[in-house]
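Submitted below is the structure of interest, expressed as structure tokens.
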Amino acid sequence: MLYPLKFSPILKEMIWGGSKIPETLNIAVEADTKIGENFTLSGLENDLSVVSNGDLKGKNLVELINEYKGQLIGDKVYAQFGSKFPLLLKYIDANDDLSIQVHPNDELAKIKHNSFGKTEMWYVIEAEENASLISGFSKVTSAKEFEELHQNKNIMSLMQMHNTQKGDTFFIPAGKVHSIGRGNLIAEIQQTSDITYRIYDFDRTDKFGNPRELHHELAMDAMNFSDNESGKVDYTPLKNQSVNVAQCQYFTTNFIEVNGELSKNYDSVDSFVILMNVGGECSIQFENETISLNMMETALIPACIKDISVSGNAELLEVYI
């Protein structure tokens, strides 16, 4: 029988990373190791998530999909994606600025990389004082103007900056320039793709002293020069209710403020459901099973499970196709 599944963290060392992720998850890492990301649920070939709870412990995500098919991910999702899990979910700790970057859409990614494109969204879990991020151009521009400013090392004048605070949410479609600034702890939901085109990286070098690779020509093909929308989503949390914060062809994301106990029914959803804990602690009950879901942990509710209850005091992102 399928049940709510948790997965082992996949920690990623990054030049801009920090210590919040391993500290929160109580994972020991070597001193001075900069952990920038936790792939909390991943179907990437080289980073397959592995079940960490219950009878299916040790099984990876592709093995589960091949065995359970639509029972696990939903009949419509399985018909479209087969054994390729369509979403990648991360927690990101920006102890320094990330590069200014852009992602390709499906069409360009298929041509260049035989891959899905990369549309994503961010939820700000924590933001230090004066933290900010970049989302979109500050004005409608053109390839010609961007190229001129790039040659003059002045593209920052085109970037749309946003101060951040806990709860801020941004939708980042493929083609939108963006960057997470230092001091942000973020939950990211995206298409299954590991394709990023770095536009500018503040002239940093890696730990070996080498300049980090940039992808100027690819980025020029991918950028939407008319996108001067902030991408910021306005929403009002409601206790024990799902409030939509992102809706697109690739995923739906709702915010749930859990206060006490609530019941969820997913009869209308022909998809897996993912619950990401972005604040507090809670537990998930299904029949006689109970699993804990602590800060920066993630659970996958198989598509065949239609009724669960959640109890505790927590803030969750609820994600499905």
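The values are calculated or read from the model by the stated rules, or taken from the named source; none is laboratory data. Source: prediction; values computed, not measured. Here the Cβ is made from the backbone with ideal geometry for all residues, glycine too, and neighbour counts use every protein chain on show.
In region 43-79, what count of residues is obtained for those that are aromatic (Phe, Trp, Tyr) and either buried (at least 18 other Cβ atoms within 10 Å of the Cβ) or touching a strand residue (DSSP E or B) at 6+ places or on another chain (Cβ under 6 Å) (or both)?
Counting residues in region 43-79 that are aromatic (Phe, Trp, Tyr) and either buried (at least 18 other Cβ atoms within 10 Å of the Cβ) or touching a strand residue (DSSP E or B) at 6+ places or on another chain (Cβ under 6 Å) (or both) gives 1.
Can Phe272 be described as farther than 19 Å from Pro4 by Cα and touching a residue at least 60 places away in the same chain (Cβ under 8 Å)?
Spelling it out, it is not the case that Phe272 is farther than 19 Å from Pro4 by Cα and touching a residue at least 60 places away in the same chain (Cβ under 8 Å).
Please go through (1) hydrophobic (A, V, I, L, M, F, W, C); (2) over 21 Å from Lys306 (Cβ atoms); (3) touching a helix residue (DSSP H, G or I) at 6+ places or on another chain (Cβ under 8 Å) for Ile65 and return the number of the only condition it doesn't satisfy.
Of (1) hydrophobic (A, V, I, L, M, F, W, C); (2) over 21 Å from Lys306 (Cβ atoms); (3) touching a helix residue (DSSP H, G or I) at 6+ places or on another chain (Cβ under 8 Å), only one is false for Ile65: (2).
Has region 35-52 got any residue that is of a type outside the set (Val, Ile, Thr), without any contact (Cβ under 8 Å) to a residue 60 or more places away in the chain, in contact with a Phe, Trp or Tyr (Cβ under 6 Å, 6 or more places away or on another chain) and not in a strand (DSSP E or B)?
yes
I would also like to ask the following. Residue by residue through region 260-282, note down the ones that are over 22 Å from Leu88 (Cβ atoms) and either in contact with a Pro (Cβ under 9 Å, 6 or more places away or on another chain) or buried (at least 16 other Cβ atoms within 10 Å of the Cβ) (or both).
Within region 260-282, Leu262, Lys264, Gly280, Cys282 qualify.
Now for a different question. Can you find a residue in region 194-203 that is in the same structural domain as Val77 (by TED's automatic domain parsing), without any contact (Cβ under 8 Å) to a residue 60 or more places away in the chain and surrounded by fewer than 17 Cβ atoms within 10 Å (Cβ to Cβ)?
Taking every residue of region 194-203 in turn, at least one turns out to be in the same structural domain as Val77 (by TED's automatic domain parsing), without any contact (Cβ under 8 Å) to a residue 60 or more places away in the chain and surrounded by fewer than 17 Cβ atoms within 10 Å (Cβ to Cβ).
Does region 86-108 contain at least one residue that is surrounded by fewer than 14 Cβ atoms within 10 Å (Cβ to Cβ), in the same structural domain as Gly167 (by TED's automatic domain parsing), in a loop (DSSP other than H, G, I, E, B) and not charged (D, E, K, R)?
no
Okay, moving on. In region 171-189, what residues are out of contact with any Lys or Arg (no Cβ under 6 Å at 6 or more places or on another chain) and part of a strand (DSSP E or B)?
Of everything in region 171-189, those that are out of contact with any Lys or Arg (no Cβ under 6 Å at 6 or more places or on another chain) and part of a strand (DSSP E or B) turn out to be Phe171, Ile172, His178, Ser179, Ile180, Asn184, Ile186, Ala187, Ile189.
Return the only residue of Asn114, Asn53, Asn66 being on the phi > 0 side of the Ramachandran plot and in the same structural domain as Gly181 (by TED's automatic domain parsing).
Asn114
Quick check on Ile15: is it hydrophobic (A, V, I, L, M, F, W, C), over 16 Å from the mean Cα position of the chain (by Cα) and either in a loop (DSSP other than H, G, I, E, B) or closer than 18 Å to Ile305 by Cβ (or both)?
no
Residue by residue through region 119-151, note down the ones that are in contact with a Leu (Cβ under 9 Å, 6 or more places away or on another chain), within 17 Å of Met223 (Cα to Cα) and not hydrophobic (A, V, I, L, M, F, W, C).
Glu120, Ser138, Lys139, Thr141, Glu145 - these are the residues of region 119-151 that are in contact with a Leu (Cβ under 9 Å, 6 or more places away or on another chain), within 17 Å of Met223 (Cα to Cα) and not hydrophobic (A, V, I, L, M, F, W, C).
Could you figure out which of (1) part of a strand (DSSP E or B); (2) touching a residue at least 60 places away in the same chain (Cβ under 8 Å) isn't true of Thr24?
(1)
In region 9-66, what residues are within 19 Å of Asn184 (Cβ to Cβ) and small (Gly, Ala, Ser)?
Those that are within 19 Å of Asn184 (Cβ to Cβ) and small (Gly, Ala, Ser): Gly17, Gly18, Ser19, Gly36.
I would also like to ask the following. Tell me the strands (runs of 3 or more DSSP E) entirely within region 242-316 that contain at least 1 residues that are outside the structural domain of Leu56 (by TED's automatic domain parsing), of a type in the set (Gly, Ala, Ser) and within 21 Å of Val77 (Cα to Cα).
Answer list for region 242-316: 242-247, 298-301.
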